[in-house]
Amino acid sequence: MRRSCLAVLVIFAIAVPVQLTAQLAVTPPMGWNSWNYFAGRVDDKAVRDAADALVSTGMRDAGYIYVNIDDTWEGERDTSGALHTNNKFPDMKALADYVHSKGLKLGIYSSPGPKTCAGYEASYQHEEQDAKMYAGWGIDYLKYDLCSFNDIMKAQAPNDPAGQKAIMIAAYEKMHKALVATGRPIVYSYCQYGMDNVWEWGPQNGANLWRTTGDIAARYDRMAEIGFGQAGLSRFAGPGHWNDPDMLEVGNGKMTDDENRSHMSLWAILAAPLLAGNDLSAMKPEVLSMLTNKEVIAIDQDPLGVQGDRAYAVGPVEVWSKPLKDGSKIVGIFNRSGPRDVSLQFKPLGYSGAVKARDIWAAKDLGTIKDGWTTNIPYHGVVLLRVSK
């Protein structure tokens, strides 16, 4: 009897943090992250400017509410172990207050290891202390990057992959418990590059989202490798816990408009977090238009919370689909090679008989389609359809 009661208490203790976590990130988080454009140059002014730009461009009203500071904000710890910011961030609480005054939320970055990826002070053996500090500042989002903790895993469990995995899980869970203990709702983002199939255990250990891959780059080939590599992971995502194929590179590098539309379309179908990573102060109108397209954002943020997946592929053409709460379905036809005519059949997508379709990027209703449908798709381009019976 005593053992049964103890088991109930243990189950309850485990269930409560998971329940609290599930109240966060009911839809994939949207916002902006400093790393892709600023990297180590980020400072207080850059973050304030980003917050201002999210408001003035209409991105905040489109759903981009997180302003996330990535690596290089950290200073040194004092004799009590308290971590201070470096001189680029003179007053983090004041910065959080400013961001909040704009109707936005502030995110920050750390690592379970002793050092961040850029070699700054991280949270190893200071998890509870740092979590309380974040809550005191008014932080709303934490990206937790594996980085130097790799060395600790290898040192504590040499030549033991299972042991290293257990150590990593415990480290990420430790920070989750520390965040929950503060009483402040803080979205928790695992950044450990999909190691050990994180999608299988991340939700049970506090993750609201988890990186599934290595870092993205502002090149079509890398974006496509990551995005199309998400096939098969849809069953692990849902409200409160999302697969994260990394931040958006829309507007960065030399990707064409067609390539940027493919990027945005695929991330929306994947119900991926939409974290812009471009220079918000110098956006071309077409980039802003893509990032704030209401119909595309609605795909990503659909309340059904189902991640899309690959339906089928023929040569360089991939067809992906995502069900929506209203019963319709999003169909993305991606051309990974040169321009070509593509014929779409609706039967493999679960439809028999005529369908109604809308071309989302063209903002054009296509009417009723009784048989297959053929269109021309440019090099690295996409056609994004909303289809219903």
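Nothing in this text is a laboratory measurement; each read-out follows from the coordinates by a stated rule. Everything numeric here is computed off the predicted structure, so don't read it as measured data. Ideal geometry is used to build each Cβ from the backbone, glycine not excepted, and the neighbour counts take in all protein chains shown.
What does the extension gain come out to for residue 294 and residue 257, with contour length at 0.36 nm per residue minus their alpha carbon separation?
The residue 294-residue 257 span can extend by a further 11.6 nm.
Would you list which lysines come within 30 Å of residue 364, measuring only between C-alpha atoms, while excluding same-chain residues fewer than 8 positions from it?
254, 284, 294, 322, 325, 329, 347, 356, 389
At 7 Å along the Cα-to-beta-carbon direction for both residue 150 and residue 61, put a label point, then send me their distance in nm to one decimal.
That separation, rounded to one decimal, is 4.5 nm.
Using a Gaussian network for the chain with springs between C-alpha atoms less than 10 Å apart, which of these wobbles most: 185, 90, 28?
For the chain, modelled as a Gaussian network with Cα springs under 10 Å, the answer is 90.
Please list, in order along segment 78-94, the HN-Hα scalar couplings obtained from phi with the Karplus expression 6.51 cos²θ - 1.76 cosθ + 1.60 (θ = phi - 60°), rounded to whole Hz, x for Gly and Pro.
My calculation for segment 78-94 gives 8, 5, 8, x, 5, 8, 10, 6, 8, 6, 6, 10, x, 8, 5, 5, 5 Hz in order.
With a/c under 1.5 counting as rounded, go ahead and sort segment 289-367 into rounded, prolate or oblate using the C-alpha gyration tensor (a ≥ b ≥ c being the square roots of the eigenvalues; past the cut-off, prolate if a/b is larger than b/c, else oblate).
Because its axes are fairly even, with a/c under 1.5, segment 289-367 counts as rounded.
Between residue 93 and residue 193, what is the label-point separation in nm under the 7 Å Cα-to-beta-carbon projection?
3.7 nm
Rounded, prolate or oblate: pick one for segment 132-247, where a ≥ b ≥ c are the square roots of the eigenvalues of its C-alpha gyration tensor, a/c under 1.5 means rounded, and failing that, prolate if a/b is larger than b/c, else oblate.
It is oblate, given that a/c is not under 1.5 and a/b is not larger than b/c.
Dipole of segment 11-300 (Lys/Arg Cβ +1, Asp/Glu Cβ -1, origin at the Cα centre): which of 175, 287, 250 lies farthest to the positive side?
Positive-end residue among those listed: 175.
So which lysines pass the test for residue 93, namely a Cα distance under 25 Å, with those fewer than 8 places away in the same chain ruled out?
Filter leaves 45, 102, 105, 115, 132, 143, 174, 177.
Mark the label point 7 Å from the Cα of residue 343 along Cα→Cβ and return the residues of segment 305-334 whose backbone N is within less than 19 Å of it.
312-320, 333-334
Select from 230, 156, 307 the residue whose mean-square fluctuation is largest in a Gaussian network model of the chain (Cα-Cα springs shorter than 10 Å).
Of 230, 156, 307, the Gaussian network model singles out 156 as fluctuating most.
Return the distance in nm (one decimal) between the two label points of a simple spin-label model at residue 86 and residue 41, each offset 7 Å from Cα along Cα→Cβ.
Computed distance between label sites residue 86 and residue 41 equals 1.5 nm.
Using Rg/Rh (Cα atoms, Kirkwood Rh) as the read-out, say which of [x] 0.99; [y] 1.25; [z] 1.17 was calculated from these coordinates.
Of the listed options [x] 0.99; [y] 1.25; [z] 1.17, [x] comes from this structure.
Suppose the chain between residue 76 and residue 231 were pulled fully straight at 0.36 nm per residue; how much longer would it get relative to their current alpha carbon spacing?
51.6 nm
Under a GNM of the chain (C-alpha, springs under 10 Å), which listed residue has the highest mean-square fluctuation: 347, 329, 154?
Comparing 347, 329, 154 in a Gaussian network model of the chain, the most mobile one is 347.
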